[in-house]
Amino acid sequence: MTAKVLSGNYAQSYAALLARAQVVSAYPITPQTSIVEKIADFVASGELHAQYVKVESEHSALQVVISAAALGARTYTATSSQGLLLMHELLHWASGMRAPIVMGVINRAVAPPWNIGADHTDTMSQRDTGWIQFYAESNQEVLDTVLQAYRLAEHPDVRLPAMVTEDAFYLSHTVEPVDVPDPAVVDRFLPPREPHAVLVPGEATRLGSFTGPEHYVDFRHQIGEAMARVPKVLETVETEFERAVGRSHGGALPTYRIDDADAVLITMGTSTTTARSVVDELRASGRRVGLAKLRLFRPFPDEELRRLARGVDRIGVVDRSYTFGPMGPAATEVSAALYTARHRPEVTSFLAGIGGRDVTPGEVRRMFETLLSGAPATVHWEDLEDEGVTRIHG
Amino acid sequence: MIEIRFHGRGGQGAVVASELLAQAAFLDGKQPQSFPFFGVERRGAPVTAYCRVDDRPVGLRTSITAPDAVVVLDPGLLATEPVADGLKPNGILLVNSPRPPQALIAPAGVRRASVDATRIALAHNLGTPMLPIVNTAVLGALARATGVVSLEGLTRAVGQFVPARPEENRLAARDGYLGVTVLPGDASAPAPPPRARPPPLVLPEGPIASVSSETLHTAAWRTFTPVIHLDRCTKCNFCWKFCPDDAIEFDAKGYPQIRLAYCKGCGICAAECPPKTIEMVAEA
């Protein structure tokens, strides 16, 4: 194992190197990142034996890896914000073709107005495309999750594409120490892909061809079933990763100091780190608060969430994006998952860090104070000049 | 409510027939509904269209599974499609065919009817011998056989909504009306032999329709077969180049051959062949 000071972007690049990706596609212009530049260096120096395909758009970038995956290759690509939006049609193609692609996504705000700050609107807009979605908190988690994502995506019980996302600047351009595992260790954890139902040159085979109403539903249901198996498979992948590499990231919904907590805050991505420090601080002054991280957002870990909620009365959800219903998208999903729970906590939606704003310790502290005050559940827009509170019931 | 199901092939006008019936019913003061159902649109592929006619707005948005009448524009479909499925007792099976209705096999109690709509269409110069446009003649026959619309309503609908050759289409509707033969239902008729349905598609282990395209035989869509007169063939390969389904291969001497399992009879090769050596021959 070698410790390097790496950016989140380079953590993705090193993970693609360690995974021995065989085909990498890249649209090399804005909003692309240094991820694919570094991979190009690896290919040029001979460290990575991959076919590196430069394309004319993100739409084509994803098409290239879908096609390569359909031939049995292990593939990688990366994008962000508008580039991800341009991929939208092919995101559905990738999952429908059950192509186990792994893609790095830098979470950035969506234009207009132009803004390249951290914001989850880009990937939240892709919730329903059939991709597994991980939101990482640190550069170490980025690297490790990409490796785990390959195991998960290629697993016979899953066979779905996965995106590993990281907040712009807070990870993408943040350099921090990262343990880069030895290639031999990763090889043991992540052997070459075993292709399944792939195209073989010379044999007439069709993938994803026309299917009428009599069978289409079966294919959608199969995707649903595969998604439902993801949390279970992720557990075994984490166990094997820990055995091989010596680290674990806590599965789909890792928790922190939630035992006996009166209020739990649910975060995604980098706001988790700040919130964890605030939990320690509040715990030190006797406040009973805890934290849970939505590391896996698709499939949504509803069972894990219901388990967590059994002993909690008040839950706050921090969203770095907004949907045009009553709450942020993660808060909406949390509420929906808990609606059928026997013990149903109050859910408050906090919209924070949108468009690259900091989610500060002071803000997180106020969120916990709001939860602990027992005020009725509301939607709080942080960072707005006026109060920015919308009551949704009470 | 009267429910009518049309069976045809892409290009034959089944969808237009169903819509035209709806227009005619509306002119008669009824509340109609018509919609088609098809897969990837291709000339020659089986097409189904549905028409409901009621005195009140139709309160269903589903396909028709128990029709009062079934209209078959292409008798070739009788062998490949379960056209009579769900026909109500005392319902009508109307087929475009030169043969008398006695030749049709139908479930017990179903009234059988036939009309030689192809002959009527060609007599009025509607379509080509390869692709006669039979829908107005068939609708005339349907009006007579079921009374679902009046001939007057149908005639007015043809005049208002058929842009090409309205007069010829009006005459075809009249001739269909006059030329249809309907047999009374025979409750003692033997049930039709159980149809050999294609076995259900067994979805592959795992998620993907990774089935060989060699297994997708599309010959059943064909009503005309291309015949290449090799004595005049110049081996220019235009037929191979233009064939939309890669149904043309070459023999050892470089002459084109039709792979009949995949040829849909679209006729593009015949149209494109520079020395016109390909003839489209009607199948029996």
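The values are calculated or read from the model by the stated rules, or taken from the named source; none is laboratory data. Here the structure is a predicted model, which means the values were calculated and not measured. All Cβ positions, glycine included, derive from the backbone under ideal geometry; neighbour counts span all protein chains shown. We work out accessible area using only protein heavy atoms, side chains counted, and drop any ligands, DNA or RNA first. Shrake-Rupley method; radii C 1.70, N 1.55, O 1.52, S 1.80 Å.
Distance between the 7 Å Cα→Cβ label points at A:T239 and A:R127: 3.1 nm. When each of the peptides B:45-51, A:106-112, A:181-187 is scored by the mean number of other C-beta atoms lying within 10 Å of its residues, the order from highest to lowest reads B:45-51, A:106-112, A:181-187.
Classify region B:89-165 as rounded, prolate or oblate, taking a ≥ b ≥ c as the square roots of the eigenvalues of its Cα gyration tensor: rounded when a/c is under 1.5, otherwise prolate if a/b is larger than b/c and oblate if not. Since a/c reaches 1.5 but b/c is at least a/b, the shape of region B:89-165 is classed as oblate. Database remark: amide H of A:S321 closer than 5 angstrom to the amide H of A:H120, A:A352 (H placed geometrically; neighbours at sequence offset of 5 or more, or on other chains; Pro and chain starts carry no H). At q = 0.08, 0.11, 0.12, 0.13 Å⁻¹, what log₁₀ I(q)/I(0) does a Debye calculation on the Cα points of chain A give, no solvent, two decimals? Once normalised to I(0) and log-transformed, intensities are -0.40, -0.77, -0.91, -1.06. With the highest mean first, a sort of the peptides A:245-251, A:211-217 on other beta-carbon atoms found within 10 angstrom per residue produces A:245-251, A:211-217. Among beta bridges from DSSP that stay inside the protein assembly as shown, the antiparallel ones total about 45%. Shown for the protein assembly as shown: cysteine residues without a partner Cβ closer than 4.7 Å, namely B:C51, B:C233, B:C236, B:C243, B:C263, B:C266, B:C273. Each residue of region A:132-138 was assigned a 3J(HN,Hα) from its phi angle through the Karplus expression (A = 6.51, B = -1.76, C = 1.60, θ = phi - 60°), giving 5, 10, 10, 10, 9, 9, 9 Hz with x at Gly and Pro. Relative to the dominant Cα principal axis of chain B, helix B:14-27 is inclined by about 20°.
Approximating the spin labels as points 7 Å out from Cα along Cα→Cβ, the A:A111-to-A:E214 distance works out to 4.9 nm.
Take the Cα radius of gyration of region A:10-159 and divide it by 2.2 N^0.38 Å, N being the number of residues; the result is 0.95.
Between A:D259 and A:H49, the contour length at 0.36 nm per residue exceeds the alpha carbon distance by 70.8 nm.
Inter-chain Cβ neighbour count for A:201-211, averaged per residue, equals 4 (cutoff 10 Å, partner chain atoms only). Evaluating 6.51 cos²θ - 1.76 cosθ + 1.60 at θ = phi - 60° for every residue in region B:135-148, the Karplus couplings come out as 5, 5, 5, 5, 5, x, 4, 5, 4, 5, 6, 10, x, 5 Hz, glycine and proline recorded as x.
Antiparallel beta bridges, as assigned by DSSP with both residues in region B:1-151, represent about 55 percent of the total such bridges. Rg and Dmax of the protein assembly as shown, based on Cα coordinates, read 32.6, 99 Å. Applying 0.36 nm per residue to the separation of B:F26 and B:D54 and subtracting their alpha-carbon distance, the gain on full extension is 9.1 nm. Shielding of peptide A:191-197 by partners, expressed as the average count of other chain Cβ atoms within 10 Å per residue Cβ, is 2. Distance between the 7 Å Cα→Cβ label points at A:R306 and A:R229: 2.1 nm. Kirkwood radius for region B:59-109, taken over all pairs of different Cα atoms as the inverse mean of 1/r, rounds to 11.8 Å. With N the number of residues in region A:34-111, Rg(Cα) / (2.2 N^0.38 Å) evaluates to 1.10.
Please identify every one of the trypsin sites (Lys or Arg not before Pro) in region B:1-67 that sits in a loop by DSSP and has no more than 12 other beta carbons within 10 Å of its own beta carbon. Intermediate values should be presented prior to the final figure.
Numbers: sites: B:R5, B:R9, B:K30, B:R42, B:R43, B:R52, B:R61; in loops: B:K30, B:R42, B:R43, B:R61.
Counting only loop positions with at most 12 other Cβ atoms within 10 Å, the trypsin sites (Lys or Arg not before Pro) in region B:1-67 are B:R61.
Solvent-accessible surface of protein heavy atoms, probed at 1.4 angstrom with all chains present, puts B:F37, A:F210 in the order A:F210, B:F37, largest first. Bridgeable lysines around B:K276 (alpha carbons under 30 Å apart, same-chain partners fewer than 8 residues away excluded): B:K235, B:K241, B:K253, B:K264. Against chain A, whose longest principal axis comes from its Cα atoms, helix A:271-284 is set at around 40 degrees. Size descriptors for chain B, from the alpha-carbon set: Rg then Dmax equal 20.7, 66 Å. For the pair region A:18-46 / region A:154-181, the C-alpha centres are spaced 15 Å from each other.
Under 5 Å from the amide H of B:V149 lies no amide H of any residue 5 or more positions distant or on a separate chain, with H modelled from the backbone and absent for Pro and chain starts. Using only Cα atoms, tell me the angle between helix A:34-45 and the longest principal axis of chain A; keep it within 0 to 90° and round to the nearest 10. In chain A, helix A:34-45 runs at an angle near 30 degrees to the longest axis. Estimated from helical segments only, the mean residue ellipticity of chain B at 222 nm is -7000 deg cm²/dmol, where each DSSP H run of four or more residues counts as -39500 (n - 2.57). Using the Cβ-Cβ distance between A:T2 and B:L230 with R0 = 56 Å, the FRET efficiency computed as 1/(1 + (r/R0)^6) comes to roughly 0.20. Computed with a 1.4 Å probe over protein heavy atoms only, the accessible area of B:K235 comes to about 90 Å². In this structure, the amide hydrogen of B:I248, modeled 1.01 Å from its nitrogen in the peptide plane, lies closer than 5 angstrom to those of B:R259, counting only residues at least 5 positions away or on a different chain. Look at the alpha carbon pairs under 8 Å that are at least 6 residues apart: their mean separation over the length of chain A gives a relative contact order of 15 percent. When the Cα positions of A:A78, A:Y14, A:P301 are compared along the charge dipole of chain A, A:P301 comes out farthest toward the positive end, with charges on each C-beta of Lys, Arg, Asp and Glu. Largest accessible area first, the residues A:E194, A:E333, A:E242 order themselves as A:E194, A:E242, A:E333 under a 1.4 Å probe with ligands, DNA and RNA left out. Were the residues from B:N125 through B:T65 laid out at 0.36 nm apart, the gain over their Cα-Cα distance would be 18.1 nm.
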